[in-house]
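Chemist: Submitted below is the structure of interest, expressed as structure tokens.
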Amino acid sequence: MRNRLREMIDMTSEDEPPRIDLVWTRVARQPRRERPVLSIDRIVTASVELADAEGLDAVSMRRIAAELGSGTTSLYRHVSNKDDLLDLMVDEIYGEFDPPDAPSGDWLADLTLVARQGRARMLQHPWLASITSSRPALGPNALRHAEFALTAANPVHRDVTIVAMVLTAVQDFVLGATVAELAEREAHRQTGLTEEQWRAAVGPYIQRVIESGDYPAISRRVRDAEEPGREEQFELGLGCLLAGIAAKYAATGVRS
């Protein structure tokens, strides 16, 4: 089974390692001035605000420079390229949600917190979901969250590979559930219809489906099931996932 992070480390011991200059190594080397006219902090804050308001596609070095009343060339003195800017933006968001200083000792409660914070980050910053699934977050704030999550999950199993897979399962659930919620929001925005208006529009068709008698399970769902909110659905799914993990590894005390 591949370990991508370990592969990154192993590659550094080769005679000619790939020359990738991570933004985190450069940011750490840059001295910070007192009240700079233009700074990394101002650039990142403006970028996050723009992405929140108009989506990630709106973020460009030229646009950010215009928002800050600066020249594009001035931005490049602080941020080398858009990929670096995206990494900085992601870590800024992780910094808005501080993990506890240490796990509580109750891994179920701690992983529930990890999942809820992940959902909250993406709901407050919808553009984050598209980045989360495509590249690892390696900034200092993200690493603090990862350290907390891994430490919290350690009681599940003595094999760190299993622990990492458990966390991946939780993160995948959070991403999938939240992306579906964001897609619903976007559909409402694009159509201009509220949930009630959409239901009224498709109601006649659904009525014909029920009356056909061809779909008894769907008909029962439409007639008898309640319509829980997204948060309630999220909590149910998360609870089922964590209960399954507990049943497989932790509930019996077996950790091998």
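Chemist: Using a 1.4 Å probe on the protein heavy atoms only, what accessible surface does HIS157 show? Give it in Å² to the nearest 10.
Modeler: 20
Chemist: Give me the compactness ratio for region 92-166, meaning the Cα radius of gyration over 2.2 N^0.38 Å. Don't skip to the answer; put the middle values down first.
Modeler: Values: Rg = 12.5 Å, N = 75, 2.2 N^0.38 = 11.3 Å.
That ratio works out to 1.10.
Chemist: Kirkwood hydrodynamic radius for region 98-256: how many Å is it when counted over pairs of different Cα atoms?
Modeler: Values: mean 1/r = 0.0548 Å⁻¹.
Every distinct Cα pair counted, the radius reaches 18.2 Å.
Chemist: Could you work out the relative contact order of region 134-256, using alpha carbon pairs under 8 angstrom and six or more residues apart, expressed as a whole percent?
Modeler: Result for region 134-256 is 39 percent.
Chemist: Sticking with this structure for a sec: When only DSSP loop residues count, what trypsin sites (Lys or Arg not before Pro) in region 56-91 have their Cβ near at most 13 other Cβ atoms within 10 Å? Working shown, then result.
Modeler: Numbers: sites: ARG62, ARG63, ARG77, LYS82; in loops: ARG77.
Of the trypsin sites (Lys or Arg not before Pro), the ones in loops of region 56-91 whose Cβ has at most 13 other Cβ atoms within 10 Å are ARG77.
The values are calculated or read from the model by the stated rules, or taken from the named source; none is laboratory data. None of the values given here were measured: they were computed from a predicted structure. We place every Cβ from the backbone using ideal geometry, glycine too, and count neighbours over all the protein chains shown. Side chains are part of the model used for accessible areas, which takes the heavy atoms of the whole protein and leaves out ligands, DNA and RNA. Shrake-Rupley method; radii C 1.70, N 1.55, O 1.52, S 1.80 Å.
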